[in-house]
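Read through the structure below, which is laid out as structure tokens, and then see the notes.
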Amino acid sequence: MLLSLIFLFAFSALAEETSDAWFCLNCSFEASGDICEICGQVRDYWRCASCGTSNLSPVCGNCGKSKDESLKLQAADSDLYKAYPAVRILAAAGDSASQYRLGKYYEKGIIVSQDTDKALSCFRRAGNAGNQDAWIYLGRLYDAGARVEQNYSMAMEYYQKALQLGSAEACWYIGSFYEEGSGVEQDYKMALDYYRMAADRGDADAWMSIAYCYLCGYGVPEDHTAALGYYEKAAESGSASACDYLGYLYMSGSLVTQDTEKGLSWYRKAAELGNARSMYALGYAYQSGQGVEANIDEALRWYEKAALAGSRNAYVVWKTFR
Ligand SMILES: [Zn+2]
Ligand SMILES: [Zn+2]
């Protein structure tokens, strides 16, 4: 026992001595000493993400931005290659948003080698440091069985952790587990309670799930008027899917009296919010002259927009017209 303690001590002292490695912000190399062995840049080098000035001091000599602020800006860059060095450094310094981001690099194998274990440990570290998104993401991985074996009770555990941090999204996921009976006994009343909690916490899409419960009579008596009211509430709260669905209801005359003018106006609203399905539906309306004068050029414009927003169907139709 004593011997192993001595070994442990000796080893940790050694580890401390040799942990002079630092991460080069110029070339992303794990360097040591004062000069990066790969690119020759000095250890304190950083480039201001705001104005592009190279600096050694912790405050940008040109615009006055601090190194830390600059790194946070760089870490949030949508260019994952540009963001990576900042993500690495901030994650090591304990920034939870960066630990969550670093997890995604490992999960997908971007820049670093794909490593699910490392990804999971980054997500857990981020979650433990108070990052709700990391717990939700872990929950979704176990929920879908992506990268890990599907495990509903693990997923539920992670959603609960996000819930404890106040996540509205977590309420919705837990509600959906009760609605579908995933890992828990199916319980529509519980599902509805969680959906309401999610809606109260600002999740606009949760109103749609509440509407669906009223539509099907899950946990409440079936009530189509109430359902329609909740779909409208979802739309008013900014849910693009709700606007799209209302478009569909008015175009098809289900739940409501058919009204193509109203239907198209909901589709336009949803399209403005970025809903690809509604863009596709608008393309179809212009192609077939449904509620508007047929106009193939306008149809193609909508199909193209829809395809760019992620609609595979729209892409197929757009290609056949070209
Ligand atoms: Zn370097
Ligand atoms: Zn600057």
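Please label the shape of the range 25-148 as rounded, prolate or oblate, based on the square roots a ≥ b ≥ c of the eigenvalues of the alpha-carbon gyration tensor (a/c under 1.5 means rounded; beyond that, a/b larger than b/c means prolate, else oblate). Prolate, since a/c reaches 1.5 and a/b exceeds b/c. Here the scattering of the range 95-158 is modelled by Debye summation over its C-alpha atoms, one equal scatterer each and no solvent; at q = 0.13, 0.17, 0.28 Å⁻¹ the log10 of I(q)/I(0) is -0.29, -0.50, -1.16.
Note on the range 239-322: Cα-only Rg and Dmax are 11.9, 37 Å.
Applying both filters, DSSP loop and at most 13 other Cβ atoms within 10 Å, to the GluC sites (Glu not before Pro) of the range 123-177 gives GLU149. For the range 134-183, the Cβ-based charge dipole about the Cα centre amounts to some 180 debye (Lys, Arg positive; Asp, Glu negative; other atoms uncharged).
Between the residues ALA83, SER237, ALA144, the greatest Cα displacement towards the positive end of the dipole of the chain, with unit charges on the Cβ of Lys, Arg, Asp and Glu, is found for ALA83.
Charging the Cβ of each Asp and Glu at -1 and of each Lys and Arg at +1, and nothing else, the dipole of the range 214-322 about its Cα centre rounds to 480 debye. With a simple spin-label model that places each label point 7 Å from the Cα along the Cα-to-Cβ direction, the separation between LYS72 and LYS189 comes to 4.6 nm. Relative to the dominant Cα principal axis of the chain, helix 206-216 is inclined by about 40°. Pull out a ≥ b ≥ c, the square roots of the eigenvalues of the alpha-carbon gyration tensor of the range 258-306, then state rounded if a/c is under 1.5, prolate if not and a/b is larger than b/c, and oblate in the remaining case. Since a/c reaches 1.5 but b/c is at least a/b, the shape of the range 258-306 is classed as oblate.
Computed extension length for ALA309-LYS118: 65.6 nm, one decimal, from 0.36 nm per residue of separation with the Cα-Cα distance subtracted.
For THR225 and VAL316, the FRET efficiency from 1/(1 + (r/R0)^6), where r spans their Cβ atoms and R0 equals 45 Å, is about 0.75.
By the beta carbon rule, with partners counted only under 4.7 Å, the chain holds these lone Cys residues: CYS122, CYS171, CYS213, CYS216, CYS243. With the convex hull drawn over the C-alpha atoms of the chain, the volume per residue is 205 Å³.
Among SER278, SER32, SER176, the ranking by other beta carbons within 10 Å of each residue's beta carbon, starting with the fewest, stands as SER32, SER176, SER278. Placing +1 on the Cβ of every Lys and Arg and -1 on the Cβ of every Asp and Glu, with nothing else charged, gives the chain a dipole about its Cα centre of roughly 660 debye.
No value in this document is a laboratory result; all are computed from the given coordinates. This is a predicted model, so every value here is computed, not measured. When we count neighbours, we look across all protein chains shown, and the Cβ atoms used for this are built from the backbone with ideal geometry, even at glycine.
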